[in-house]
Protein chains: 2
Amino acid sequence: MLNDLIIIGAGPAGSSAAIYAASRGISVRLLEQQAVGGLIGQVSTVTHYAAIAAHETGAGFARRLQEQLAAAKVEVCVEAVHQVALTGPVKTVRTAANTYQARAVILANGSTPNRLDIPGEAELDGHGMNLNAARDGRAYAGHNLYVVGGADGAIKEALYLAQYAHKLVVVHFEDQLGAIPQFVTPLLQLSNLELRLHTRLSALEGKQAISRLQLTDVHSGESHWYEDPGAGVFVYAGSTPNTTLYPELKLEKGYIPVNEKMETSLPGVYAAGDIRVKQVRQIATAVADGAVAGINAAAYVKSVTRTCV
Amino acid sequence: MLNDLIIIGAGPAGSSAAIYAASRGISVRLLEQQAVGGLIGQVSTVTHYAAIAAHETGAGFARRLQEQLAAAKVEVCVEAVHQVALTGPVKTVRTAANTYQARAVILANGSTPNRLDIPGEAELDGHGMNLNAARDGRAYAGHNLYVVGGADGAIKEALYLAQYAHKLVVVHFEDQLGAIPQFVTPLLQLSNLELRLHTRLSALEGKQAISRLQLTDVHSGESHWYEDPGAGVFVYAGSTPNTTLYPELKLEKGYIPVNEKMETSLPGVYAAGDIRVKQVRQIATAVADGAVAGINAAAYVKSVTRTCV
């Protein structure tokens, strides 16, 4: 079956695009590899987005998106995309189970959080390492909790984890935290904070749980092991755009360049959200990208399917 | 007192800008001539904005903005701006009561709905003419209600007014409605709808209430008077950007051109939302504009006020 529009990724950008495109009366299929909401569904709280309810959680935000998509009659399929063919008037999108076709495609499959790629990470993944604050914070209450990173996302989750942590250790490789004052100011007032600047988490050891961690000073290069049985580690070390699926598109530093209409260099192919070249990466800008891409993709579909004047 | 940042207009763009800028630790004064929310505060329902609560009203949306602004400690002043001076390192903004100064300014004072400028409009303004659907719809229950316009905003409010109208008359000067299928499809199913295409509302008569209305066919030029005592008229005939305050800026068709950072041609002066040149005018894009302008204005303020390295 030929869809009017396929959207890859149901985070804020893809969901917003779907809601707008469907309102224009075209058929929309939304493919998502994990869950509606994308990475936002996993944050402890959603901040700064205009008119958001106070203390809205990522899970709550994702639930609202899901309700809107259902009301807009968008077909949401939880399937990972394996291959796409974007050139030509009919686009093909393959998942493990299905092959879908559409007149237009919106690429909104965002980015994947970076891993540290350090010794012990793979063995302890999900067992103390690479935890999710909103999901795992409470289960690690009373232990020492390590947050790796110094940008907004890291410090916001550190503030959330402080309530559960015996000691909250923020490990950042730079000499200063890079987060906004709204997050840094209350962080520095925490009584259980240990701030480790110009420092990297460089190795882990343990069986089914962390037993000790190695920290390395970026300036001196010196490493020390710290015994810390049962510690929890939460990593916010940037992310990488999910663009390896798209060899047909020219990229800039891994991101997809678009114009003001969110058009890529291929007719009928749009990109929105964290996957595109842009200055400000926030929920607000992802949602706007989706609105613009959805509106323009719907107009494109109507222009190519119109048979009478 | 010299503020870090003054924002003119507390609609979605200006409010979003204030929330982001304040989170960066600078002092923000937000000037609004009427009420937080701007025009959005007056719509019956807010649609399509990602993660909005189902059936959220414009008033509810505005209330949430206000709560966010209070939580962010933004100083909101309800004062109309009369004059500004934007050139140079210190910007001046004058209201009737006060003169404010700031290092940076964000222009987010949107647009003003157009009036029809027809005979009888001024006399009947607020007495049957130029009503607000969310505020006045119920009070006009049982009367014939006229919606002038055919774009999304007009037809969305027409759908809302249908529940109160004896007869719902949609008057649009073009040969087709320009609104999205999501709104047009249910409109055409209304049993109390009278659709008057290629028609203009051309005159009104009455004392303290409408007694009769004149409709003019755009093609034939013929006009007819219709007796309709107590009718209510809701006008959605586009809007005009509020840029007459800014003779220092070059405009494009009345709108302010900006770059990707929402910078105007004057250093330290940003524009966001409906007041700027842009392709898609939606709450979502206004909120994103605000985020981008707020973040960049805060960075600008820090760069010009930094005294040590």
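Mind pulling the per residue volume of the convex hull built on the Cα atoms of the stretch A:11-86? Å³ is fine. Walk me through the intermediate numbers first.
On the way: hull volume 7.9 nm³, N = 76.
Convex hull of Cα atoms, per residue: 104 Å³.
Efficiency by 1/(1 + (r/R0)^6): what FRET value for A:Ala71 and A:Tyr226, r their Cβ-Cβ distance, R0 = 51 Å, to the nearest 0.05?
Details: r = 51 Å, r/R0 = 1.00.
According to the calculation, E is roughly 0.50.
Which whole number of Å³ per residue matches the convex hull of the alpha-carbon atoms in the protein assembly as shown? If you can, show how the numbers build up before the last one.
Numbers: hull volume 107.6 nm³, N = 618.
Taking only Cα atoms, the protein assembly as shown has a hull volume of 174 Å³ per residue.
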request  = Give the Rg/Rh ratio for chain B, taking Rg as the radius of gyration of the Cα atoms and Rh as the Kirkwood radius, to two decimals.
outcome  = 1.03
request  = Within the stretch B:203-254, report the GluC sites (Glu not before Pro) that DSSP leaves as loop and that have at most 16 other Cβ atoms within 10 Å.
outcome  = B:Glu222, B:Glu248
J(HN,Hα) series, the stretch B:42-51, from Karplus relation 6.51 cos²θ - 1.76 cosθ + 1.60, nearest Hz, glycine and proline x = 9, 7, 5, 9, 9, 10, 6, 5, 4, 6
inquiry  = Nearest 5 percent is fine: what portion of the DSSP beta bridges confined to chain B is antiparallel?
reply    = 45 percent
task = Rank these by accessible area, largest first, 1.4 Å probe: B:Thr264, B:Thr45.
result = B:Thr45, B:Thr264
ask   = Can you give the % of DSSP beta bridges in the protein assembly as shown that are antiparallel, to the nearest 5?
value = 45 percent
query = Relative to the isolated chain, which residues of the stretch B:40-60 have their accessible area cut by 50 Å² or more in the presence of all protein chains (1.4 Å probe, heavy atoms, no ligands or nucleic acids)?
reply = B:His48, B:Tyr49, B:Ala50, B:Ala51
message = Among B:Gln33, B:Gln182, A:Val81, whose Cα projects farthest towards the positive end of the dipole of the protein assembly as shown, with charges put on the beta-carbon of Lys, Arg (+1) and Asp, Glu (-1)?
response = A:Val81
key: Euclidean distance of C-alpha centroids, the stretch B:269-288 and the stretch B:1-74, integer Å   = 14 Å
request  = List the lysines whose Cα lies under 26 Å from the Cα of A:Lys302, skipping any in the same chain that are fewer than 8 positions away.
outcome  = A:Lys73, A:Lys91, A:Lys261, B:Lys156, B:Lys278
request  = Normalising by the residue count of the stretch B:133-235, find the relative contact order in percent from Cα pairs under 8 Å and 6+ residues apart.
outcome  = 28 percent
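To the nearest 20 debye, what charge dipole does the stretch B:133-235 have about its Cα centre, counting +1 at the Cβ of each Lys and Arg and -1 at the Cβ of each Asp and Glu?
Values: 8 positive and 11 negative charges, 70 e Å.
So the magnitude is around 340 debye.
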inquiry  = Suppose every Lys and Arg Cβ carries +1 and every Asp and Glu Cβ carries -1, with no other charges. What dipole size does the protein assembly as shown come out with about its Cα centre, to the nearest 20 debye?
reply    = 160 debye
query = Which percent of Cα-Cα pairs in the stretch B:200-261 sits in each 5 Å bin, short to long?
reply = 4, 13, 16, 13, 10, 9, 10, 11, 9, 4, 1
request  = Give me D for the stretch A:42-114 in µm² s⁻¹, whole number, from Stokes-Einstein with Rh from the Kirkwood sum over alpha-carbon pairs, 20 °C and 1.002 mPa s.
outcome  = 142 µm²/s
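For n ≥ 4 DSSP H runs only, could you compute -39500 (n - 2.57) per run for the protein assembly as shown, divide by its residues and tell me the 222 nm figure to the nearest 500? Kindly include the intermediate steps, with their values, before the conclusion.
Details: 14 runs with 150 residues, N = 618.
It lands at -7500 deg cm²/dmol.
Only bridges whose two residues both fall in the stretch B:133-235 count here: according to DSSP, what percent of them are antiparallel, nearest 5? Working shown, then result.
Working: 11 of 23 bridges.
Taking every DSSP beta bridge within the stretch B:133-235, about 50 percent pair in antiparallel fashion.
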ask   = Taking a point 7 angstrom from the Cα of A:Leu251 along the C-beta vector, which residues in the stretch A:52-92 have backbone N less than 20 Å away?
value = A:80-87, A:92
ask   = In debye, nearest 20: dipole of chain B around its Cα centre with unit charges on the Cβ of K, R (+) and D, E (-)?
value = 1180 debye
Residue among A:Pro12, A:Pro241, A:Pro181 with the largest mean-square fluctuation in a Gaussian network model of chain A, springs linking Cα atoms under 10 Å = A:Pro181
query = Roughly speaking, what is the centre-to-centre gap between the stretch A:85-149 and the stretch B:115-133 when only Cα atoms are used, to the nearest Å?
reply = 55 Å
query = Given R₀ = 35 Å, FRET efficiency for A:Leu195-B:Thr99 by Cβ-Cβ distance, to 0.05?
reply = 0.20
request  = Would you mind getting the accessible area per residue of the protein assembly as shown, heavy atoms of the protein chains only, 1.4 Å probe, in Å²?
outcome  = 44 Å²
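What is the stretch B:17-126's relative contact order, in percent, from Cα pairs under 8 angstrom and six or more apart in sequence? Intermediate values should be presented prior to the final figure.
Details: 132 pairs, mean separation 24.7, N = 110.
The value is 22 percent.
As a test of the definition: with a 1.4 Å probe, what buried accessible area, both sides summed, do you compute for B against A, in Å² to the nearest 100?
Chains B and A together bury approximately 3000 Å².
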For the stretch A:133-235, the fraction of alpha-carbon pairs in successive 5 Å shells from zero, as % = 3, 13, 25, 25, 20, 11, 3, 0
query = What is chain A's relative contact order, in percent, from Cα pairs under 8 angstrom and six or more apart in sequence?
reply = 22 percent
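What is the calculated FRET efficiency for A:His219 to B:Thr240, with r their C-beta to C-beta distance and R₀ = 56 Å, to the nearest 0.05?
Efficiency for this residue pair is about 0.45.
The values are calculated or read from the model by the stated rules, or taken from the named source; none is laboratory data. The shown structure was predicted, so the numbers you read here are calculated from the model rather than taken from an experiment. Ideal geometry is used to build each Cβ from the backbone, glycine not excepted, and the neighbour counts take in all protein chains shown. Remember, those area values only see protein heavy atoms, side chains included, never the ligands or the DNA or RNA. Shrake-Rupley method; radii C 1.70, N 1.55, O 1.52, S 1.80 Å.
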